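Notes follow the structure.
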Amino acid sequence: MDRRSFMKWSWGVGGLTALIAAVGVSLGAVLRFLMPSVFYEPPQAFKIGNPGDFPFGPPTFLVEEKIFVFRDREKGFSAASAVCTHLGCTVNHFASDQKFHCPCHGSVFAADGSVQHGPAPRALDWFEVTQARDGQLRIDKNKVVPPSYRLMV
Amino acid sequence: MNLLQEIYQSIVRRDPLSTDKGKSELVFLNVWLHIHPAKVKREHMKFTHTFYLGFITLFLFLILITTGVALMCYYRPYPAAAYQDMKDLQFVVFMGPFLRAMHRWSAHGMVVCVFLHMCRVFYTGSYKKPRQFNWVVGVVLLLLTLGLSFTGYLLPWDQLAYWAITVGTNIGGYAPLVGGQLRELLLGGHTVGEAALLRFYVLHVAVLPSAVILLTMVHLWRVRKDGGLSRPLSKLKPEPQQKLVTIGAVPEIVQLKTQPALSSKTYGLMEVVTGKPIFETISPEEEDDAVFSYPFAFVREALALMATVTGIMTISLFFHAPLEELANPAKTPNPAKAPWYFLGLQELVSHSALLGGVVAPAVMVLALLVIPYIDRNPSRQLKARKWALGLFAAFVAVNLILIVVGTFFRGPGWAMVPPWVHVVGGTE
């Protein structure tokens, strides 16, 4: 290759590389721009009230947080996610059979959250329940615990 | 008077329509009409050849743009206002329910017509060479139509909208590797909320319509450049017989036939180049069957337009678009159903989210896209395409059955409930 054609070739390759890099970086920047840096969504950890607010027996459904809070006389507090693991519909808890039923595609979860029927790929999540310093119960959705987890107050 | 005449002639520069030259100039000197050929073959205008499905789809899209822009004047895309604006449109705004109904029925109609149009093109074998690429453009337009319907579905912010989109976007979340991020990108968050509503609105009123307009232009352009509409099967010329060639033999030299120019016609010549055209050409003899687009084709198009608009208006008078209660993230309606054209997908998803929600639709779309390239059979005759026709019929049948099952046979908890059984109360 002589000097002249080498120069031509390097201009071509260099130019093309620069163009691809510029387009790539721009596309990346656009994608990053579309991905929010801050989510103005409800916090993942929150207080839900005093232990005395929750009755024994059927679970209390927290509407905003989509969580069932169970209170058992012997074992204590536990919190199950009400979001179906299949496609995110809100499951219902039936007192009649103590199971969770998803209205969208018919998934049924046992009392411990495990899948009994339907297309759900995994069991319902159980979240850690702790007691804050002011005595209120606190749930952290980032901390998934086994279904046997209980908080005794 | 002279000035008026001058103004008119500066706008309309063609010869009078009583002349053939005027009829041609009407088409190719006009930016709106020049997508038509100056002359069309009679066989192409026959209703049963195309059922005018492409035109009807285009007209429905025009209705959607018109009514959509009108609806935009009363709609604010954030949760606190959206549902209230829908209620306003429903009960306060003059003709609000009628415009909403027109928008909704045109959207449904467009999904139906795009699909039927695709079936027509398939059964007449019109995706075959040289029209392969236009089929691909058509499939992308089908997907964009579904995307427009899906994004529009969320905007009323009622229970129906909220849960259909929750289910729909969660299906996307199952896509391997990028699923979760894709969903976050689409929703602008982790759940369907304020950010998702705004993003769906932007997609619905700006991004997707622009894409549809641009691709429709390409689609129509390619119809012309690929040689116009494909010929009806009954008019197809017999396929050329394969000739046996002796290797090493001197190739036969085909003498080009020359045709004397007709003195009664004007010929415009753009450029003289050598080589064969890539598109279908018509011979001078075939031109005898052609008539001027004005008025023959235009009258038929105008009739199709009027029939489409009248049809949509009539339906909208009697059937209004539904509006359920305000979106409630805590309470999923039972059963929660996607829009009907996605109910086949939901039916698949009820069996397996990954297989039914991601793999099956991806395979279906890919198969549609590559049809013109894997179908190597050059014949367009029905008799010679038994396999292709059978497979496509199966594809249509499976989709229809899934949609019918999802729509009419699924009750509370997605349990199999035939439509003639009435579930009282349901299980909450």
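The values are calculated or read from the model by the stated rules, or taken from the named source; none is laboratory data. Just so you know, these numbers come straight off a predicted model, no measurement behind them. Don't worry about glycine lacking a Cβ; one is built from the backbone with ideal geometry, like all the others, and counts go over all protein chains shown.
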Next on the checklist: Please go through region A:1-58 and give me each residue that is β-branched (Val, Ile, Thr) and free of Cβ contacts under 8 Å to residues at least 40 places away in the same chain, ordered by number.
Outcome noted: A:13, A:17, A:20, A:23, A:25, A:30, A:38
Checklist entry - Within the set of pairs 6 or more residues apart or between chains, which connect a residue that is buried (at least 18 other Cβ atoms within 10 Å of the Cβ) and assigned to a helix (DSSP H, G or I) inside region B:128-152 to a residue that is acidic (Asp, Glu) and modelled with pLDDT under 95 with Cβ atoms less than 7 Å apart? => result B:134/B:226
Next on the checklist: I need a count of the residues in region A:109-149 that are among the basic types (Lys, Arg) and crowded, with 16+ Cβ neighbours inside 10 Å.
Outcome noted: 2
Next on the checklist: For region B:153-170, give me the residue count where each residue is within 12 Å of chain A (Cβ to nearest Cβ) and either under 24 Å from the mean Cα position of the chain (by Cα) or under 14 Å from residue B:333 (Cβ atoms) (or both).
Outcome noted: 9
Checklist outcome for this item: Taking region B:176-199 and the residues there that are touching a Leu at 6+ places or on another chain (Cβ under 7 Å) and touching a residue at least 40 places away in the same chain (Cβ under 8 Å), the one that is nearest to the other protein chains (Cβ to nearest Cβ) would be B:196
Next on the checklist: Suppose the filter is more than 14 Å from every other protein chain (Cβ to nearest Cβ), modelled with pLDDT of 90 or more, surrounded by fewer than 14 Cβ atoms within 10 Å (Cβ to Cβ) and out of contact with any strand residue (DSSP E or B) (no Cβ under 7 Å at 6 or more places or on another chain); does residue B:388 pass it?
Outcome noted: no
Next on the checklist: If I ask for residues that are more than 7 Å from chain B (Cβ to nearest Cβ), within 19 Å of residue A:147 (Cβ to Cβ) and surrounded by fewer than 24 Cβ atoms within 10 Å (Cβ to Cβ), which ones from region A:95-104 would you list?
Outcome noted: A:95, A:97, A:98, A:99
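Return the residues of region A:76-93 that are closer than 13 Å to residue A:61 by Cα and within 14 Å of another protein chain (Cβ to nearest Cβ); say none if nothing qualifies.
Scanning region A:76-93 gives A:81, A:82, A:83, A:90, A:91, A:92, A:93.
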Next on the checklist: For region B:288-388, give me every one of the helices (runs of 4 or more DSSP H) that falls completely inside it and has 3 or more residues that are β-branched (Val, Ile, Thr).
Outcome noted: B:293-318, B:360-374
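So that you can scan it fast, the table gives a plain yes or no per residue for (1) within 30 Å of residue B:319 (Cβ to Cβ); (2) at pLDDT below 95; (3) of a type in the set (A, V, I, L, M):
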{"position": "B:124", "(1), (2), (3)": "no, yes, no"}
{"position": "B:133", "(1), (2), (3)": "no, no, no"}
{"position": "B:171", "(1), (2), (3)": "yes, yes, yes"}
{"position": "B:177", "(1), (2), (3)": "no, yes, yes"}
Next on the checklist: Tell me whether region A:44-52 contains one or more residues that are within 20 Å of the chain's Cα centre (by Cα), among the polar types (S, T, N, Q) and within 20 Å of residue A:149 (Cβ to Cβ).
Outcome noted: yes
Next on the checklist: touching a residue at least 40 places away in the same chain (Cβ under 8 Å), under 19 Å from the mean Cα position of the chain (by Cα) and farther than 23 Å from residue B:331 by Cβ: is that true of residue A:129 in this structure?
Outcome noted: yes
Checklist entry - Name the residues in region A:25-48 that are surrounded by 13 or more Cβ atoms within 10 Å (Cβ to Cβ) and more than 10 Å from every other protein chain (Cβ to nearest Cβ), would you? => result A:45, A:46, A:47, A:48
Item to check | Residues of region B:316-361 satisfying the condition of being more than 28 Å from the chain's Cα centre (by Cα), crowded, with 22+ Cβ neighbours inside 10 Å and more than 7 Å from chain A (Cβ to nearest Cβ) | outcome: B:327
Item to check | Subset tally (residues that are acidic (Asp, Glu) and under 22 Å from residue B:142 (Cβ atoms)) for region B:321-378 | outcome: 2
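Only one of B:56, B:35, B:63 is exposed (fewer than 15 other Cβ atoms within 10 Å of the Cβ) and within 23 Å of the chain's Cα centre (by Cα). Can you tell me which?
After ruling out the rest, the residue left standing is B:35.
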Checklist entry - Assuming residue B:74 fulfils every condition listed in (1) without any contact (Cβ under 8 Å) to a residue 60 or more places away in the chain; (2) assigned to a helix (DSSP H, G or I) apart from one, which condition is it? => result (2)
Checklist entry - residue A:77 is checked against (1) surrounded by 14 or more Cβ atoms within 10 Å (Cβ to Cβ); (2) within 19 Å of the chain's Cα centre (by Cα); (3) among the aromatic types (Phe, Trp, Tyr) and fails just one. What number does that condition carry? => result (2)
